[in-house]
Amino acid sequence: MRIRIDLAYDGTDFRGWATQPGLRTVQETLGSALATVLRVDRVDLVCAGRTDAGVHARGQVVHVDLAEEPDLDRLVRRLNGVLPPDVRVRRAAVAADGFDARFSALWRRYAYRIADRSDLLDPLTRSHVLAWPRPLDEELMNQASATLVGQQDFASFCKQREGATTIRTLLDLTWTRTHGGLLVGTVRADAFCHSMVRALVGCLVAVGEGRKPVEWAAEMLHAQRRDPAVAVLHAHGLTLEEVAYPVDDELAARNQLTRAKRT
């Protein structure tokens, strides 16, 4: 019986999603809580996106395979009673046939939040909004962002792993101001490689400050190699907001398509 779990967490005090010996991670914390509630030795969790240390999530999706279907409402209540306050389970449901939290996803959407004026600085939001000391021009950042959209090799913006592809389809990348003036970058792609979003933001902030021209972002992309001039910005400004899936009868096909190596 495959169960889908939707959860949110404040990543401040976690060393990312993936279990690491001796470190506090979201996977270890949720897995331990599930094992306690279900009275089993361990559970295996698969998530939609393995967030890095310090990155937050409002829309993380996880699946777990159980021997039998639990009372789902009771499961959610008991989990939230056991979990620490920086992790909350929002809902649990029986997954449709073919569902895989990772491989069935159509896209993931992240938001990066920046306060680039002194009047926007708020100590109450310091854990999920980056305080930037200089004003940023969102129009220039949007012009540069447009040159990155599409199926591309994002090797310039990824921490590469041996044997893994860095080809991704960036569906959109835009910058807007909230009513209060906060700068928010919204990025959506079929998948992301390690540190990709924060490297993209670092590149675009350099353009927004006027330190680099609009064309620089495309130049970095086409170089297909990491450049120390592209900063990987702080993790705490980044939040996984949403993961989208196809309708139930298309889940299995999406699963197979995603597992195929991008070329």
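The values are calculated or read from the model by the stated rules, or taken from the named source; none is laboratory data. Keep in mind that this is a model prediction, so the values were computed, not measured. For neighbour counting, all protein chains shown are included, and Cβ atoms are generated from backbone atoms with ideal geometry for every residue, glycine included.
Here are the numbers for the structure shown:
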quantity: Residue selected from the stretch 1-18 under the condition in a helix (DSSP H, G or I) and not hydroxyl-bearing (Ser, Thr, Tyr), by the criterion surrounded by the most Cβ atoms within 10 Å (Cβ to Cβ); calculated: 11
quantity: Positions within the stretch 226-263 being touching a helix residue (DSSP H, G or I) at 6+ places or on another chain (Cβ under 6 Å) and over 15 Å from residue 200 (Cβ atoms), in sequence order; calculated: 246
quantity: Of all residues in the stretch 35-86 being under 25 Å from residue 255 (Cα atoms) and polar (S, T, N, Q), the one that is surrounded by the most Cβ atoms within 10 Å (Cβ to Cβ); calculated: 60
quantity: Residue satisfying all of: in the stretch 226-263; buried (at least 17 other Cβ atoms within 10 Å of the Cβ) and among the hydroxyl-bearing types (Ser, Thr, Tyr); nearest to the chain's Cα centre (by Cα) among these; calculated: 239
quantity: First in the stretch 54-75 and in contact (Cβ under 8 Å) with a residue 12 or more places away in the chain, second anywhere and part of a loop (DSSP other than H, G, I, E, B) and small (Gly, Ala, Ser), Cβ under 6 Å, 6 or more apart; calculated: 61/48; 61/101; 62/101; 63/95; 63/101
quantity: Flag for residue 211 being in contact with a strand residue (DSSP E or B) (Cβ under 7 Å, 6 or more places away or on another chain) and surrounded by fewer than 18 Cβ atoms within 10 Å (Cβ to Cβ); calculated: no
quantity: Residue that is of a type in the set (A, V, I, L, M, F, W, C), more than 16 Å from residue 55 (Cβ to Cβ), surrounded by fewer than 19 Cβ atoms within 10 Å (Cβ to Cβ) and under 19 Å from the mean Cα position of the chain (by Cα), where the choices are 146, 164; calculated: 164
quantity: Lone qualifier among 26, 37, 43 - being of a type outside the set (Phe, Trp, Tyr) and touching a Lys or Arg at 6+ places or on another chain (Cβ under 6 Å); calculated: 37
quantity: Complete set of residues in the stretch 87-105 that are within 21 Å of the chain's Cα centre (by Cα) and surrounded by fewer than 16 Cβ atoms within 10 Å (Cβ to Cβ); calculated: 90, 91
quantity: Residues within the stretch 90-121 that are out of contact with any strand residue (DSSP E or B) (no Cβ under 7 Å at 6 or more places or on another chain) and on the phi < 0 side of the Ramachandran plot, tallied; calculated: 8
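Yes/no per residue for (1) of a type in the set (D, E, K, R); (2) more than 25 Å from residue 110 (Cα to Cα); (3) within 11 Å of the chain's Cα centre (by Cα); (4) modelled with pLDDT under 95:
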{"site": "22", "(1), (2), (3), (4)": "no, yes, no, yes"}
{"site": "32", "(1), (2), (3), (4)": "no, yes, no, no"}
{"site": "45", "(1), (2), (3), (4)": "no, no, no, no"}
{"site": "55", "(1), (2), (3), (4)": "no, no, yes, no"}
